[in-house]
Each structure stands twice: as structure tokens, then as C-alpha cells.
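Below is one structure; the comments refer to it alone.
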Ligand SMILES: Nc1ncnc2c1ncn2[C@@H]1O[C@H](COP(=O)(O)OP(=O)(O)OP(=O)(O)O)[C@@H](O)[C@H]1O
Ligand SMILES: [Mg+2]
């Protein structure tokens, strides 16, 4: 799971940390990716390694549904648009029973296999997802350290000045959405292949908030922040388990700690643990 | 046939010459000798609610010349720049650039056509380094396409290297080479202004709209900034300068527009304008 969250937070960082778009719909991209690749596998018998890129493509196209409104809407209005997209995607997954089986979810998703070799054990799957996480890291590292990433940061700082320098801001935002959405879809496919069962409750607004929290805790605007954030937010609950807190109250304690942590960070280190950029 | 064409051309040249040196390039005159006027506003109006920020103003700016734009606070000077650069859309009127009507076009297109501006309130990218700020100005960088960057195409890397050298040159030019890795927010106001100037120069714009370029920088730097502005005009750029500092206007401008309450009140040579009793009364309170 840590690799999946790494992929999610690294990709969201492109929108939040680089472009300055506080996007609350990353779980929607994650979910679209998971459902798209799963349906291709279960309905058309596609191999995981073909379904995954197809899911990425589908999610990239659907990400335009948020990208376009974001060009006209600023600040709080954009946040609401992304929020709305998240709700819509969830209700489609939940209510389009004919396609997604709605609340029943899709069970029995085959494990990924390549040329007869099945990634069926936990270590093998970890290896697979680590390879993908590394690949994503590599792609995002190159993209964000490039002139493209520089323009995204300029847009975050001052959109109007960026346009006065001849940058077509709309184009860059659309790219950022498509890349971030497409990469979240990779996480979705991996998740489906790992759990072998998906239902809409894995892709809710809560999940979007959680991914955003990873970035806010770890810090955004550089590539270290999401990594620190993921390690912190995913390993923290495991650490709590070692403290011997009874299982019945553990989830509540965890929620409280997350909440307290966020409030604490926003007061004392608003750019996150390892971030460069803070929201104002 | 050929001869008459040549004659015609020569005549045109002569007239053109005349306009440049003796006649005021009023926009009506400029219609007949279009080539010297790069940028022109015709009867442009912009109001905010009931407030007429720019009221049916007509201005023309010539290539290779420095045109001063002066007027009291709130006269509408910055609004003129906002209209030219597409930040604001005029309610009526035409803005013409190199024969194209540019009103209604988005700012990035206008910038790509070759109109750059220096903002009154500096507006550097705070969380980016000085070098990154300047690098951003370069147009058509291949690496701005994420796919090209991902594949590390050689053309993109080469272009980046070249742009990097060029950006460093501009930083050196404004004597900020030691600050190239500092975040812009950590520079002093004067340094930020110089950084903004370096960023503008790196953009290679044909028209430069400078909103108070010398405000807030030390006198020595003012001198070199003015030298730069002069040199840019000599290189054939069209320069428009908004300034409150009258000695600067006297020193560098070829022509001056005086605006008040959104209207162009007078236009002429700097000494004419500053000698105009109306201007002195309205503006300088003398
Ligand atoms: N976006 C806007 N919305 C509302 N009113 C505006 C806007 N921009 C400018 N104005 C008003 O239009 C008038 C002209 O403003 P402008 O900034 O062009 O003046 P200026 O000549 O640049 O003055 P200064 O010398 O103080 O910079 C002012 O009264 C200003 O308050
Ligand atoms: Mg002004």
C-alpha cells in the first residue's frame, strides 16, 4: 500500500505543489483508473499490463472534465469544482450498477500476470508496485525539474505574470491535470490487482482528503515532500499498533492523531515537513 | 513601371523621415505612414462601474523611440498598459499592433506577438530563484512540453543550456549574478525591480511597456537602467515609459503623452509638455 500512496501523493503534488491547484478529487482519478482497468480485465479478458495503460488513457481523458472548469474558476471556486467532480464520480461508481455492480463491488479480480508469470505473493506484488512507484518517481522527477515544471511553478506564483511572459496558462494546467490523473490511475490499477476486489467506498472524498493530507504533512512543491508525507502517514498507524492500543479504539486514536498533527503543522510549519510551498 | 515604383518608395521614405523627425506622429498622420507606428490605440475607453479609467484615448507609439506617459495618480496610465497587454478588455476602441488588431486577444498571445511589460508592483515569482525567474521569460522553450522533457530530447537540453547562459548574462547585466540561486522573495525591493527588468529583457520583446522602471532603485542603478532603455530604443525597440520622475522623462523620452482623468490632455516633445502651463498646474501644482 505504501507504494500505491506514494504514486498518489507524488502525482497530486504536481497539481497542488507545482501548479497551486488545491485539488480535492484525486481519489476520483484513482477510482476511475481502478474501475477502467478492472472492467477491461474482467469483461474483455485484457491482460493487466495492457489494461493499466488503457485505464491511464481513459482517466487522462476524463480528467479534462475538471481541467476545463479550472481554467475559468479561481481559488475557492476551483476547490468546489474538484469537490463536485469527486462526488459525481463516486455516485456514478455507486449507482451505475449495470457497469460497476454499484455497492456490491467487483470481486475476484485476477492478480497481475506477465507471460504466464503471476504476481500472486505479497513480496512479488510489492516488487511490482515498487517498480511502478520508481517509474512514476522517475517520470515526475524529470518532468518537474524541467522547463515545464518551472512554468507550472510560475503559474502557481502568479498566473497573470506567467501569461504576460507568453505562457499559455490554460495549456499547462490541462497538461498538469492529465499527467496527475493518468498517474493516479496507475495507482488505481495496482490497488485493484492487489486487493482483487474493488468497491466505490475506496474512492470517496475522505480518500481524496487523505491523499491531500499526505502532501500537506510531508510538504509540497518539491519531490521529497510527498515521500516524507507518505512514509509518515502510512507508517504512523503501524507504529501505533506496536504501542499496544486496543484494536477497538485504534482507528479513533489514529484519526485524532492525524487531525492534531495537521492542525499542529498548519500552525508551526505550514509548508509541511519537507515542503517548499505553503498555501496562503 | 519600375522607376515609378522606386520613386514612390523614395517619396514614402522621405515622408516617413519627416514624420519621425519633425512632425508629431499623431495617429491620423500615422495612418498615411503606417510603418513608423508599431502600436496604436484608437478611441479606447475603459470604465470600472461609473469610473472612466480611460476615456476615448488615442495614443501611438513609434519604433525606435521612447515615449513617456505621464499624469497624476489615477490618470489611467497603468490601465492603458493593462489594455494593451490584454489584461483588460476595452469597452470600445481599437488597439493595433503591427497592423493587427489585438484587442480581445488573451495576454499570452499578445506577449508572444512581442509586447512585454514591467509591472508597477514588480511581481517577481517569489518562491523561484532569480535565475529561474529570468529563464521563464524565454519564449518557445522545447522543454516546456512535458513529453519532450520526459524523453530528455537533446534539442531540449541544448536549448536549456543556451537559455541558461543567456539568463545568466542578463542577471550579470543587472549586477545580480551573485544572487542567481537566491529566492526572489529574499531580494531587496530594488533588486527585485532589477530582476524584473532582467526578466523582461530576456524575453526579447519588440515593444517594452515600463511602468515606473526607476522607482525604488538606487541612483547609480537608475543611470544604468536609463542607459539600457536608451540602448533598447536605438536597437529599434518601441519603448513606453510611465514615470513620476520628471527629470527621467526629460532625459530619455522622445515624445511625451500627458494624461489626466483618463484622457490624453497633450502630446509633444518633452520640453513642450513640461513647459505647458496646464500640465504644470495639473501635475506639478506650479
Ligand atoms: N481593476 C480595476 N477595478 C476598478 N478600478 C480600477 C481598476 N484598475 C484601475 N482602476 C481605477 O482606474 C483609475 C486609473 O488607474 P490607473 O492605475 O490606470 O492609474 P495610474 O495613472 O497608473 O496611477 P498611478 O500613477 O497611481 O499608478 C484609478 O482611479 C483606479 O482606481
Ligand atoms: Mg500606475
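The values are calculated or read from the model by the stated rules, or taken from the named source; none is laboratory data. This structure is a prediction, so every number in the text was calculated from the model and none was measured. Using ideal geometry, Cβ is built from the backbone for each residue, glycine included, and neighbour counts are taken over all protein chains shown.
Below, the figures for the structure above:
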{"item": "Subset tally (residues that are surrounded by fewer than 19 Cβ atoms within 10 Å (Cβ to Cβ) and facing chain A (nearest Cβ under 10 Å)) for the range B:83-111", "result": "3"}
{"item": "Residues satisfying the stated conditions in the range B:44-82, i.e. within 7 Å of ligand 1 (Cβ to nearest atom), touching a helix residue (DSSP H, G or I) at 6+ places or on another chain (Cβ under 7 Å) and assigned to a strand (DSSP E or B)", "result": "B:53"}
{"item": "Matching helices (runs of 4 or more DSSP H) fully within the range B:133-252 where at least 1 residues are out of contact with any strand residue (DSSP E or B) (no Cβ under 7 Å at 6 or more places or on another chain) and farther than 27 Å from residue B:60 by Cα", "result": "B:146-150, B:154-173, B:189-202, B:219-234"}
{"item": "Scan of the range A:152-168 for residues that are facing another protein chain (nearest Cβ under 7 Å) and part of a helix (DSSP H, G or I), ordered by number", "result": "A:153, A:154, A:157, A:160, A:161, A:163, A:164"}
{"item": "Count - residues of the range A:138-150 that are facing another protein chain (nearest Cβ under 7 Å) and under 22 Å from the mean Cα position of the chain (by Cα)", "result": "6"}
{"item": "Residues satisfying the stated conditions in the range B:45-82, i.e. in contact (Cβ under 8 Å) with a residue 40 or more places away in the chain, away from ligand 2 (no atom under 15 Å from the Cβ) and either over 24 Å from residue B:106 (Cα atoms) or buried (at least 24 other Cβ atoms within 10 Å of the Cβ) (or both)", "result": "B:61, B:64, B:65, B:66, B:67"}
{"item": "Residue in the range B:123-131 that is under 18 Å from the mean Cα position of the chain (by Cα), closer than 18 Å to residue A:164 by Cβ and assigned to a loop (DSSP other than H, G, I, E, B) present", "result": "yes"}
{"item": "All positions within the range B:253-266 that are away from ligand 1 (no atom under 14 Å from the Cβ) and either at pLDDT 90 or above or in a loop (DSSP other than H, G, I, E, B) (or both)", "result": "B:253, B:254, B:255, B:256"}
{"item": "The listed residue being more than 14 Å from chain B (Cβ to nearest Cβ), surrounded by 24 or more Cβ atoms within 10 Å (Cβ to Cβ) and at pLDDT 85 or above, out of A:196, A:230", "result": "A:230"}
{"item": "Counted residues, the range B:133-142 - those being surrounded by 21 or more Cβ atoms within 10 Å (Cβ to Cβ) and either facing another protein chain (nearest Cβ under 8 Å) or over 12 Å from residue B:195 (Cα atoms) (or both)", "result": "5"}
{"item": "Complete set of residues in the range A:135-144 that are free of Cβ contacts under 8 Å to residues at least 12 places away in the same chain and surrounded by 13 or more Cβ atoms within 10 Å (Cβ to Cβ)", "result": "A:135, A:142"}
{"item": "In the range B:181-222, residue modelled with the highest pLDDT [restricted to those that are on the phi > 0 side of the Ramachandran plot and within 16 Å of ligand 2 (Cβ to nearest atom)]", "result": "B:212"}
